[in-house]
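Notes follow once the structure below has been shown.
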Amino acid sequence: MTDADLPTLTPTDAPITRSPAIPSAPTEPLLSVRDLSVTFHTDDGDVHAVDAATFDVAANETVGIVGESGSGKSVTALALLGLLPKSATITGEIRFKGRLLGELSDKAMQPIRGEEIAMIFQDALAALNPVHTVGAQIAEAIRVHHPETSAKELHARSVELLDIVGIPNPTDRVEQFPHQFSGGMRQRAMIAMSIANDPALLIADEPTTALDVTVQAQVLEVLERIQDRTQSSIILITHDLGVVAGVVDRVIVMYAGRQVEFGSVDDTFYEPKHPYTEGLLASLPRLDRRAEKHSRLHRIVGQPPSLIRLPGGCAFHPRCPYADLGGRCDHDRPELLPVGPDHRSSCFFPERVGTGGQS
Amino acid sequence: MSAETTGVSDLAGLDFAPEPITQWKLFRRRFFRHRGAMIALVVLILLVIWCFSVSWLSPFDPYRQDLLADPVGPGSAHWLGTDELGRDQLTRILVAGQLSLKIAFSIAILSVAFGTLVGAVAGFFGSAADQFLMRFTDVFLVVPELAILAVALQRFGSTGIVIILVLSFLFWMGIARVVRGQVLAIREKEYVEAARAAGANPGRIIVRHILPNIIGPIMVNTTLAVTAAIITESTLSFLGFGVQPPQTSWGRMLATAEGYVGTDKSYLIYGPGLAILITVLCVNFIGDGLRDAFDPQSEKH
Amino acid sequence: MFTYVARRALYAIPVILFASFLTFWLSSEAFGSPCDKLRTSREGVTAVRRCEKRIGVDQPIPVRYAKWLGNVVEGDFGTSSRTNQEVSAMLGPAMWNTFQLIVFGSILSISVALFVGVFSSVRQYSAPDYLLTALAFIGIAMPPFWFGLLAQQFLAVGPKQWFDLKEPIFFTVGLHSAGGSGFNLDYLRHLFLPVLTLTVQSIASWSRYVRTSMLDVLSTDYIRTARAKGVPRRTITWRHATRNALIPFVTVVALETGALFGGLIITEKIFSIPGMGQLFYDSLLVGDTNVVVAWMIITATFIMLFNLIADLLYGFLDPRVRLT
């Protein structure tokens with residue numbers, strides 16, 4: 001991926017202020033999220049699943065959200081579509097095409113879901129209704145937004161969509177049930193369903209996690225092809241950094257519900273400015289490092305924290321090799337601040353990242 | 001279902017609790033927090049105590065008949081009135097309760113113990129024992145329990161002991177099938193496979209791995225057995241196949257009261273039925289509390 | 001599909017045979033020989049022996065069973081010792097009366113349970129949900145025969161006395177007033193209380209069952225997918241959720257029809273309806289072996305039939321299940 005592929009990266013000097021302004025597209029972004037927080041109330045206490053997420057997605061852009069499970073990436077996605085259970089408290093601002101989604105009722109969200117923002121879920125076997133045919137489920141996605149469509153058109157369009165996502169024999173497949181599809185096929189069917197109405201924004205939640213590596217590549221290829229066709233934006237949620245490096249323009253790294261780094265893929269991956277990102281990258285097994293026999297796979301020490309009792313200060317400080325204990329790291333909450341053009345980090349000491357640390 | 005799913009279920013993977021709590025402690029905490037189950041438990045205990053201390057508490061002799069006295073309606077002397085033979089209805093209900101409760105709990109304990117044993121053996125060792133259990137119980141699943149019981153009680157007479165044995169004989173099968181299913185499912189789990197691969201003997205696997213996992217369903221099924229036993233015994237007694245005079249149970253009392261529907265002695269139909277209802281309600285609530293405590297997922301929708 | 005039904009039918013045969021043998025043996029033992037009443041006659045034991053030899057009860061049980069079975073295969077269930085009628089002739093009218101109770105009972109309990117269950121699941125933790133939950137708990141714990149007595153007291157005899165009516169709103173005896181027949185208001189007024197008594201427990205427990213499986217389904221990923229597609233709530237409730245929740249519900253309904261057959265004994269006795277339950281009760285009291293055994297076989301056959309129907313419906317409702 002070259003710089004030319006990153007249309008939204010404007011090499012302006014982002015003003016270094018404490019405002020929540022974020023590297024953004026030159027025009028009004030398709031989606032802008034400000035201080036989005038999601039809290040679940042449980043018997044054991046409040047779970048801060050997402051804490052002050054702030055980012056933009058421009059038209060035709062692909063933004064990746066990476067992090068471990070429980071880092072809040074999926075909850076962020078569900079919050080965008082208003083699909084979180086009632087037990088969740090959501091604050092902050094979600095602006096899509098100029099409309100504030102958070103203020104819409106469930107009923108008012110219905111015309112947006114599937115029509116303008118569509119979602120691809122991770123486990124397609126569970127996410128497809130077992131008692132309806134794949135064709136019926138695709139057709140339903142069209143019919144709820146375009147009730148005037150005739151049954152014949154719906155059928156033709158379902159076949160066409162299956163064909164677009166690369167399912168062989170779409171005319172036969174459209175009559176089949178999800179359990180008759182293979183894992184990769186189901187994921188493609190899921191994608192076909194989500195692009196049925198050419199949505200402006202496609203949220204893909206771990207679309208490749210459950211698949212074999214070869215099938216993963218195919219599914220990602222389908223996503224890219226569709227984006228070329230429909231000019232839609234994609235939010236790609238994954239814990240697989242390899243996937244992110246391959247297809248994403250900008251990347252958000254999340255840790256314990258908080259954004260820790262946000263920037264272009266090249267900046268973030270080649271010059272990480274947050275120790276967590278650095279740790280993630282270092283823990284990737286790499287084929288080209290095999291020769292160095294003594295080098296062991298890096299791992300981040302410790303465990304992700306409980307979201308009910310987050311450590312004070314920076315949530316990552318107990319595991320951070322650079323942490324300034326007794327100083328700011330375990331005292332003050334770091335903000336997501338610019339560390340370069342279109343690159344932000346929520347570390348007090350971004351310059352230390354890459355130096356190896358004391359521990 | 002994959003372990004790593006999306007969305008809110010992500011949260012399930014997080015450790016909310018700061019320090020590890022044993023399964024048993026967690027269960028106890030959840031159960032004692034279950035308000036319905038706690039109230040039910042207290043009510044049931046009070047009811048049992050009341051029934052079994054009636055000979056000290058009640059001024060009336062439950063068996064002494066006074067045929068000359070006109071039946072009295074509920075009032076200050078006889079709280080629930082007197083029956084057609086001039087006996088205090090409340091005292092009779094409490095005395096009947098002794099038998100109903102004794103029978104019900106005996107049946108539950110007997111059938112659960114036997115059913116668990118057979119079900120665990122069949123599920124764990126499979127093949128022949130399992131086949132036999134399933135085919136044998138199939139036969140009894142196709143005939144209404146009540147009919148089998150009525151015939152059996154006609155055959156063997158209807159003393160308390162016979163009622164207990166005959167009902168237990170029918171009830172153990174359902175429990176055996178439940179336990180068998182659970183054991184079959186758990187037997188295939190990785191940790192049991194691992195234990196087996198490590199060379200643990202079957203007895204150890206049953207006690208260490210399988211029993212702790214099926215104790216929940218067993219306890220819940222015990223409560224179900226208690227309520228089924230109460231209802232079945234009272235139904236049989238109501239039909240005349242169960243407890244015989246001079247002994248009495250709640251069902252037996254209702255059999256007598258049936259004739260008074262719509263008459264001036266219709267008050268006699270309320271008490272015994274209410275006693276059954278309250279007992280069954282309490283046991284059901286306790287069962288619900290147990291279920292929620294063992295399987296918190298079941299209440300968290 | 002056909003082979004599946006055939007296999008199930010074949011499997012049913014040994015089960016029913018064994019069940020019938022058990023009943024035959026148990027009831028022969030229980031009731032003693034029908035000739036025992038001759039013991040007090042002038043010739044005493046000799047008369048009993050002669051009588052037993054004549055009707056064949058001096059033979060060992062397996063031999064008698066085989067002979068009896070041979071007759072049953074030809075449609076001859078023997079003669080009732082209580083009424084001296086052909087058993088098969090007695091079964092017809094009894095089955096018809098019972099059939100009416102079962103059909104109306106099933107319609108009532110399935111529709112009410114489905115509606116209540118779906119309603120309380122989509123309105124989980126609302127005031128009506130709590131009320132329905134409380135009612136269901138009471139209904140489940142309610143002994144059906146007591147409910148029958150209460151229904152007579154409060155819905156039939158009571159109102160008649162309180163309002164000084166000529167006749168009660170709902171009747172408590174039989175399916176028609178004397179001389180009446182056909183499907184009319186009189187029939188419905190007779191039918192209401194017994195059907196209610198028969199179904200109160202199923203309505204209560206099935207509505208809970210539907211509620212639970214609806215809640216299970218409503219929390220699945222594919223419901224979330226449907227919401228993400230923008231499908232309206234009502235469509236999600238019926239087309240996606242209820243459609244899936246029906247699968248386990250249908251099985252439970254068919255299997256528990258067995259419980260309904262048992263419940264008939266109580267209902268028909270309380271409301272004096274001359275159906276299968278009443279027939280069983282009367283025959284059992286006087287030790288009418290032939291009727292009791294015939295009753296068991298027919299009931300068992302029906303229950304197995306319902307089990308088969310349950311499995312077929314399951315295969316029909318759930319595309320993942322293939323019946324082979």
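All of the numbers you see were taken from the coordinates with simple rules; none came from a lab. Please read these numbers as outputs of a predicted model, since none were measured by experiment. Glycine gets a Cβ as well: all are built from the backbone with ideal geometry, and neighbour counts include every protein chain shown.
Structure values in brief
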item: Computed log₁₀ I(q)/I(0) - Debye formula, equal Cα scatterers, no solvent, chain C, q 0.07, 0.10 Å⁻¹; result: -0.40, -0.76
item: Under 5 Å, built H, 5+ apart or other chain: amide partners of residue A:120; result: A:203, A:204, A:205
item: Magnitude of the charge dipole, the protein assembly as shown, Cβ model with Lys/Arg +1 and Asp/Glu -1, debye to 20; result: 2720
item: Order of C:220, A:91, C:299 - criterion: other Cβ atoms within 10 Å of each residue's Cβ, fewest first; result: A:91, C:220, C:299
item: Candidates A:163, A:43, A:205: whichever shows maximal mean-square fluctuation once chain A is modelled as a Gaussian network with Cα springs under 10 Å; result: A:43
item: Environment charge at residue B:199 (Cβ cut-off 15 Å; Lys +1, Arg +1, Asp -1, Glu -1); result: +2
item: Range in chain C, longest, excluding exposed chymotrypsin sites (Phe, Trp or Tyr not before Pro) [loop by DSSP; at most 14 other beta-carbon atoms within 10 Å]; result: C:184-324
item: For the range A:75-150, size of Cβ-based charge dipole, Lys and Arg +1, Asp and Glu -1, in debye; result: 140
item: Mean residue ellipticity (222 nm) of the protein assembly as shown, computed from DSSP H runs ≥ 4 via -39,500 (n - 2.57), nearest 500; result: -17500 deg cm²/dmol
item: Most fluctuating residue given options B:258, B:233, B:190, as computed from a GNM of chain B linking Cα atoms under 10 Å; result: B:190
item: Reachable lysines, given that their alpha-carbon falls under 18 Å from the alpha-carbon of residue C:67 and they are not under 8 places away in the same chain; result: C:53
item: Amide proton proximity set for residue A:252, modelled H, under 5 Å, gap of 5+; result: A:64, A:65, A:66
item: Other-chain or far-sequence residues with amide H under 5 Å of residue A:30's (modelled H); result: A:57, A:58, A:59
item: HN-Hα J in Hz across the range B:82-88 - Karplus 6.51, -1.76, 1.60, θ = phi - 60°, x for Gly and Pro; result: 10, 8, 5, 9, x, 9, 5
item: Likely footprinting exposure, A:220, C:193, A:307, fewest C-beta neighbours within 10 Å first; result: A:220, C:193, A:307
item: Radius 13 Å from Cβ of residue B:249, net charge of other residues (Lys, Arg +1; Asp, Glu -1); result: +2
item: Leading residue at positive end of dipole, the protein assembly as shown (Cβ point charges), from A:339, C:110, A:354; result: C:110
item: All lysines inside 30 Å of residue A:273 as judged from Cα atoms, apart from same-chain residues fewer than 8 positions distant; result: A:73, A:293
item: For chain A, alpha-carbon Rg relative to the globular expectation (2.2 N^0.38 Å, N residues); result: 1.02
item: Dipole moment magnitude, nearest 20 debye, chain A about Cα centre, only Lys, Arg, Asp, Glu C-beta charged; result: 600
item: Under 29 Å from residue A:152, Cα to Cα: lysines that are on another chain or at least 8 residues apart; result: A:107, C:229
item: Dipole of the protein assembly as shown, positive end: most advanced residue of C:150, C:51, B:147 [Cβ charges, Cα centre]; result: C:51
item: Environment charge of residue C:88, counting only residues whose C-beta is closer than 13 Å and scoring Lys/Arg +1, Asp/Glu -1; result: -3
item: Whole-Å distance, taken between Cα centres, linking the range A:217-248 and the range C:120-191; result: 63
item: Phi-based couplings in Hz for the range A:69-75 (Karplus 6.51, -1.76, 1.60; Gly and Pro marked x); result: 5, x, 7, x, 5, 5, 4
item: Residue-by-residue Karplus 3J(HN,Hα) for the range C:109-114, coefficients 6.51, -1.76, 1.60, Hz, glycine and proline x; result: 5, 5, 5, 5, 4, 5
item: Enclosed volume per residue, in Å³, of the convex hull spanned by Cα atoms of the protein assembly as shown; result: 240
item: Range of Cα positions in the range C:186-324 per principal axis (Å), largest first; result: 66, 41, 23
item: Sorted by Cβ neighbour density within 10 Å, fewest at the top, the residues C:317, A:36; result: C:317, A:36
item: Chain B - Kirkwood radius from inverse mean 1/r over Cα pairs (Å); result: 22.0
item: Principal axis box of the range A:124-213, alpha-carbon based, largest edge first, Å; result: 40, 29, 22
item: Listed residues C:311, C:76, C:164, most fluctuating in chain C (Gaussian network, C-alpha, under 10 Å); result: C:164
item: Lys/Arg +1, Asp/Glu -1 at C-beta; the range C:201-324 dipole; positive extreme among C:283, C:204, C:223; result: C:223
item: Reduced Cα scattering model of the range A:188-266, Debye log10 I(q)/I(0), q = 0.27 Å⁻¹; result: -1.44
